[in-house]
Structure formats: C-alpha cells, structure tokens
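Below is one structure; the comments refer to it alone.
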Amino acid sequence: YDWEFDDNYLYGIHWSNGRYRGHWGWALFRWTYGSNWISVNANNPHEPDMRAMGIDDNYLYLMEWHSRSIRVYNKNLGYERSITLSGVSFNWIESTSMEVVGDEFYIGGYMSGGGDVPNTWRAVHIFDMSGDYKGSFSTPSDVREMEFNGQNLYVGYNTNGYYYELFDDNIFRNHATWTSVGLNSSFETPPLSDGPHVVYMRSIDNAGNI
C-alpha cells in the first residue's frame with residue numbers, strides 16, 4: 001500500500017499471506033538494496049490494518065486504517081508507541097498515503113466528521129509530531145498517493161496528479177532552509193503549482209553513496 005526508503009533500506013506495508021507470519025494479516029517489510037526481503041515484523045502477530053507510512057531519520061510512522069492512531073516503529077522494525085491524533089473533533093481517518101514533512105505529519109485521505117475539510121478523500125490533513133491538529137486543505141482529486149521530495153508535495157489518484165510547493169528551497173540539499181511558502185498562523189492552502197519544475201530527490205548508488 002505505501003512505501004518509504006532511507007539510506008539503507010526500502011520499507012513497505014501490505015496484506016500478506018501465511019507464508020510470512022503464519023496467517024493472513026498486515027506485515028511490515030524491509031528490503032536491502034540489490035537483495036531480497038530480509039526481515040518481517042513478526043514480533044506482533046496481530047498488527048492492525050495499516051496502509052499509510054511516513055519516515056524520518058530514526059522512525060517509521062504507520063497510520064492505522066479507520067482510526068485516530070499512528071503507530072511508531074524504530075528502524076529495526078520494532079513497535080515502540082502510538083500517537084493519538086487530537087486537537088480537533090473527528091471520528092476517524094482512512095488513509096493510504098502519509099509523509100513526514102519537517103516536524104509534521106501530512107496525511108492524505110478521508111477525515112470523518114471533523115477538521116477543516118471533512119468527509120472527503122480530496123483532502124490533506126496536517127498534525128504535529130505529538131498528534132495535535134494543525135489544519136487541512138482541499139485538493140483537486142482524491143489523495144490515495146502522496147510523496148514529498150524535499151520541496152514539493154505530490155498528491156493524486158490514478159492518472160490525476162498535482163503538486164504543492166511547501167518550501168522555497170529543497171530541504172534534502174545541503175544548506176537548504178525551512179522557509180515556508182503559503183503557510184501562516186491562520187493556515188492557508190499551499191500554492192498549487194503547474195508546468196515544468198525541477199525535482200530533487202535523495203539518491204543512492206550501488207556503493208551506498210548518497
């Protein structure tokens with residue numbers, strides 16, 4: 001359902017069969033570049049339904065389906081704690097896409113019964129790392145996929161794709177700044193961009209160099 005990577009591994013979550021954990025259920029996988037799957041989170045045989053994942057330097061963050069909870073795993077695929085989303089009245093979120101942007105979670109999907117943009121898949125919802133609600137903004141299409149490249153947030157579903165410029169420099173490059181564009185204390189939708197643009201991504205060669 002969702003994938004993330006760091007300097008060493010590719011991580012994925014999906015519905016697995018009994019070959020991986022002895023039963024059907026949700027599994028968290030880790031892949032070594034140029035190799036096969038090397039480990040599965042088998043410590044907890046009763047993982048909840050999780051379909052959206054974010055990543056930072058130390059942790060993986062998995063959004064539980066139809067819930068108000070984000071599960072936090074260390075990079076060795078060990079569950080540590082859960083973050084309860086709060087700060088606004090709502091029932092639950094269903095999401096298949098999430099990104100960690102600086103010190104915030106950007107969660108694409110359906111927020112039931114609350115928030116600035118409730119009851120639609122055409123929305124992105126923002127919470128800080130402690131789970132406090134910061135705001136939501138509408139999108140032109142459903143948000144089933146999402147990627148952040150250090151400057152732009154890409155959202156979409158099937159053939160419909162859009163990107164939002166969140167920062168005026170790329171935070172994955174050296175000496176980049178965290179200057180926001182279009183975001184202020186009252187919260188506004190970041191500018192929706194169109195046309196040709198430069199995409200910066202962290203890349204890793206076969207020798208493991210960034």
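Values quoted throughout were computed directly from the atomic coordinates according to the rules given, and no laboratory measurement underlies them. Only a predicted model underlies this, so the values are computations on that prediction, with no experimental measurement involved. Cβ coordinates were reconstructed from backbone atoms using ideal geometry, including for glycine residues, and neighbour counts include every protein chain displayed.
Points worth noting:
- Nonlocal amide H pairs with H66, under 5 Å, H built at 1.01 Å: I93, E94, S95
- With θ taken as phi - 60° and the Karplus curve 6.51 cos²θ - 1.76 cosθ + 1.60 applied, the whole-hertz 3J(HN,Hα) list for the stretch 56-70 is 9, 5, 10, 9, 9, 10, 10, 7, 5, 6, 6, 8, 10, 10, 10 Hz, x standing for glycine and proline.
- Label separation (D168 vs S141): 3.0 nm, computed from points 7 Å beyond Cα along the C-beta direction.
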